[in-house]
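Below is one structure, written out as structure tokens; comments come after it.
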Amino acid sequence: MDRYERILTLHRLLKSAHYPVPLPRLMDELQCSRATLYRDVAFLRDGLGAPVQSAPGEQAAFRYEVGEGDSFELPGLWLTSDELAALLALNELIGRSDPGVLANALAPFKTRIERLLSDHGSGKSLPVDRIRVISWGARTMDQQTFRIVAGSTLERKSITFRYKARTTNADSRRTVSPQRLTHYRDNWYLDAWDHDREALRSFAVDRIVEPRVQDAAAKDVGEAELNEMLASSYGIFAGKPKAWATIRFSAHAARWVADEHWHSQQRGEWLPDGRYELKVPYSNSRELLMDVLKYGPDAEIVGPLPLREEMKIMLQLALTGYQQQTA
């Protein structure tokens with residue numbers, strides 16, 4: 001019987017008992033030693049707040065306090081130690097990959113989990129510092145802006161804000177109906193219906209300024225339409241796919257690429273010479289080209305021809321820059 005089952009059994013026995021339950025009976029019912037039973041009782045009392053009364057000595061026995069025991073129940077979210085450990089690891093991941101935005105809100109949740117997981121007999125706790133998260137490419141984001149945007153999304157309210165587009169640096173005022181928040185490559189994006197443009201758009205939350213929640217209810221767009229416009233092409237850029245890119249990777253790079261997820265509709269195939277051919281749908285080529293570029297000589301865009309030519313131009317421009325610098 002694991003700890004989860006023992007706690008449930010112990011609670012059931014004490015809840016239904018009209019008189020104190022002797023220690024030997026509890027040890028027999030829980031199939032555990034005396035020391036284990038005392039640790040479980042301490043966990044039930046100190047970790048879960050159960051109104052446990054005990055009689056010490058040779059006639060040791062346990063019961064719930066009269067009156068309080070009738071109203072006490074185990075927490076509604078009752079998980080095994082392994083599941084709680086996984087939740088704590090997830091909380092640590094969120095806190096370290098996106099500090100400030102979600103970590104503060106989840107701090108009480110983390111404290112409760114740590115208390116539930118702690119071993120009250122020895123004082124040991126999970127070494128969460130053994131979990132290392134390295135954030136890459138995360139941009140600075142205002143916490144209050146994130147909370148307003150997230151709140152309007154969940155409450156299904158329209159929202160207005162100023163948006164400073166990174167590509168053009170243009171500053172515009174938007175009125176949108178939030179559809180969903182997307183966490184992509186360590187950054188947050190708001191998928192929304194833009195009322196002025198009457199179209200779906202994705203906004204980088206870190207570029208949103210002066211958000212204001214409106215009284216008007218948000219317009220709901222079906223999930224199928226959202227996915228068709230915002231998730232059918234490669235990367236974060238919206239739009240239906242205009243073509244499929246075919247990329248061939250060297251035998252060396254293939255050992256990594258073959259196990260990577262580039263797109264939900266990707267197609268991969270091993271070639272006879274050990275190379276790997278990957279096909280992904282795309283609408284905007286910019287992000288795809290940047291991702292292929294990081295593989296250097298280990299990646300080649302085979303088609304379509306316009307995408308291949310675009311990559312050649314980028315490589316030639318980069319080479320020109322290096323040549324000018326050394327001249």
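The values are calculated or read from the model by the stated rules, or taken from the named source; none is laboratory data. Please read all numbers here as calculations on a predicted model, not as lab measurements. Using ideal geometry, Cβ is built from the backbone for each residue, glycine included, and neighbour counts are taken over all protein chains shown. With ligands, DNA and RNA removed, areas are computed over all heavy atoms of the protein, side chains included. Shrake-Rupley method; radii C 1.70, N 1.55, O 1.52, S 1.80 Å.
Filtering Ala35, Ala50 for residues that are under 41 Å from the mean Cα position of the chain (by Cα) and under 22 Å from Pro75 (Cβ atoms) leaves a single hit, Ala50. Filtered by the rule that a residue be at pLDDT 90 or above and assigned to a loop (DSSP other than H, G, I, E, B), region 32-49 gives Cys32, Ser33. Of the residues making up region 164-179, those that are at pLDDT 85 or above and open to solvent by 60 Å² or more (accessible area, probe 1.4 Å) are Lys164, Asp171, Arg173.
Of all positions in region 5-13, none carries a residue that is hydroxyl-bearing (Ser, Thr, Tyr) and either exposed (fewer than 15 other Cβ atoms within 10 Å of the Cβ) or touching a Cys at 6+ places or on another chain (Cβ under 9 Å) (or both).
Out of Phe203, Phe146, one residue alone is closer than 25 Å to Trp262 by Cα and crowded, with 20+ Cβ neighbours inside 10 Å. It is Phe203. Selection within region 250-265: residues that are open to solvent by 20 Å² or more (accessible area, probe 1.4 Å) and within 23 Å of Ser283 (Cα to Cα). The member of this set that is modelled with the lowest pLDDT is Ser264. Please count how many residues of region 206-249 are surrounded by 15 or more Cβ atoms within 10 Å (Cβ to Cβ), in contact (Cβ under 8 Å) with a residue 60 or more places away in the chain and within 19 Å of Tyr163 (Cβ to Cβ). Within region 206-249, residues that are surrounded by 15 or more Cβ atoms within 10 Å (Cβ to Cβ), in contact (Cβ under 8 Å) with a residue 60 or more places away in the chain and within 19 Å of Tyr163 (Cβ to Cβ) number 5.
Selection of helices (runs of 4 or more DSSP H) fully inside region 249-327 by the criterion of at least 3 residues being over 21 Å from Ser232 (Cα atoms) returns 251-257, 305-326.
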